[in-house]
Amino acid sequence: MTWSDYTSKIRAIINEFGRRGLIIGEVPLKSRLVKNKGEIFTKAPHITFQDNAIFEFSEEISIVSNHVHVDAYKYQYQRVGGYYFRYEKEPTEDVIWKPPEHLHVLLKAPHFNSPFVTLEQVFRLIEVNFYQETRRKGIVGVKLEITI
């Protein structure tokens, strides 16, 4: 897969969710490639969902022999009320405190161990949990009070 193929695939994923009415407005998607390393990411105001929740992401990619390897990623979804989650893959020296692939929910720590995820998987998770009427009852609109 070439860099152009990969960035086209990412754009197609985002466009699919836009056509289904989940994403509104312009998608500020940027990319850059230097030799066999590239980055694809959103810039502020990031991606806006139909209820004004925002999504930002970045992926650092290596392409070797037409094989795409995701070296690092960040996928963050934030609701208007402040609730957020963020999947990250990043280098780490303490795999117990901060596994390479981890999840944040509401706070920068702890770093919950998570499987490798893709942009498409995260979009589908968001759709099912926040935008499918039958599943969002009891989740969307619930107020949380947290003291740590």
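A few remarks follow.
- Any hit, the range 84-91, residues being crowded, with 16+ Cβ neighbours inside 10 Å and touching a Lys or Arg at 6+ places or on another chain (Cβ under 6 Å): yes
- Screening 97, 3 for residues that are crowded, with 17+ Cβ neighbours inside 10 Å and either among the hydrophobic types (A, V, I, L, M, F, W, C) or more than 22 Å from residue 116 (Cβ to Cβ) (or both) leaves exactly one candidate, 3.
- For the residues 42, 48, the requirement of being buried (at least 16 other Cβ atoms within 10 Å of the Cβ), polar (S, T, N, Q), within 23 Å of residue 3 (Cβ to Cβ) and under 15 Å from the mean Cα position of the chain (by Cα) singles out 42.
- With respect to the stated conditions, residue 63 fails to be at pLDDT 95 or above, assigned to a strand (DSSP E or B) and among the β-branched types (Val, Ile, Thr).
- Scanning the range 78-107 for residues that are charged (D, E, K, R) and free of Cβ contacts under 8 Å to residues at least 40 places away in the same chain returns 86, 88, 89, 90, 93, 94, 98, 101.
- Subset of the range 47-60 (residues that are touching a residue at least 24 places away in the same chain (Cβ under 8 Å) and closer than 18 Å to residue 102 by Cα): 55, 57, 59
- For the range 60-70, the count of residues that are closer than 24 Å to residue 131 by Cα and either touching a Pro at 6+ places or on another chain (Cβ under 7 Å) or among the charged types (D, E, K, R) (or both) is zero.
- Of the strands (runs of 3 or more DSSP E) lying entirely inside the range 1-58, those carrying at least 3 residues that are within 18 Å of residue 120 (Cβ to Cβ) are 37-42.
- Cβ separations smaller than 6 Å between residues 6+ apart or across chains give the following pairs from the range 13-28 residues that are free of Cβ contacts under 8 Å to residues at least 40 places away in the same chain to residues that are charged (D, E, K, R): 28/43.
- Across the range 117-135, the number of residues qualifying as within 12 Å of the chain's Cα centre (by Cα) and either buried (at least 17 other Cβ atoms within 10 Å of the Cβ) or closer than 15 Å to residue 89 by Cα (or both) comes to 7.
- Residue 122 falls short on exactly one of the conditions (1) in a loop (DSSP other than H, G, I, E, B); (2) among the hydrophobic types (A, V, I, L, M, F, W, C); (3) in contact (Cβ under 8 Å) with a residue 24 or more places away in the chain, and that condition is (1).
- Single residue of 140, 70, 105, 128 found to be closer than 20 Å to residue 16 by Cβ, at pLDDT below 95 and in contact with a Lys or Arg (Cβ under 9 Å, 6 or more places away or on another chain): 128
The values are calculated or read from the model by the stated rules, or taken from the named source; none is laboratory data. Only a predicted model underlies this, so the values are computations on that prediction, with no experimental measurement involved. Counting neighbours? That spans all protein chains shown, and the Cβs are built from the backbone with ideal geometry, glycine included.
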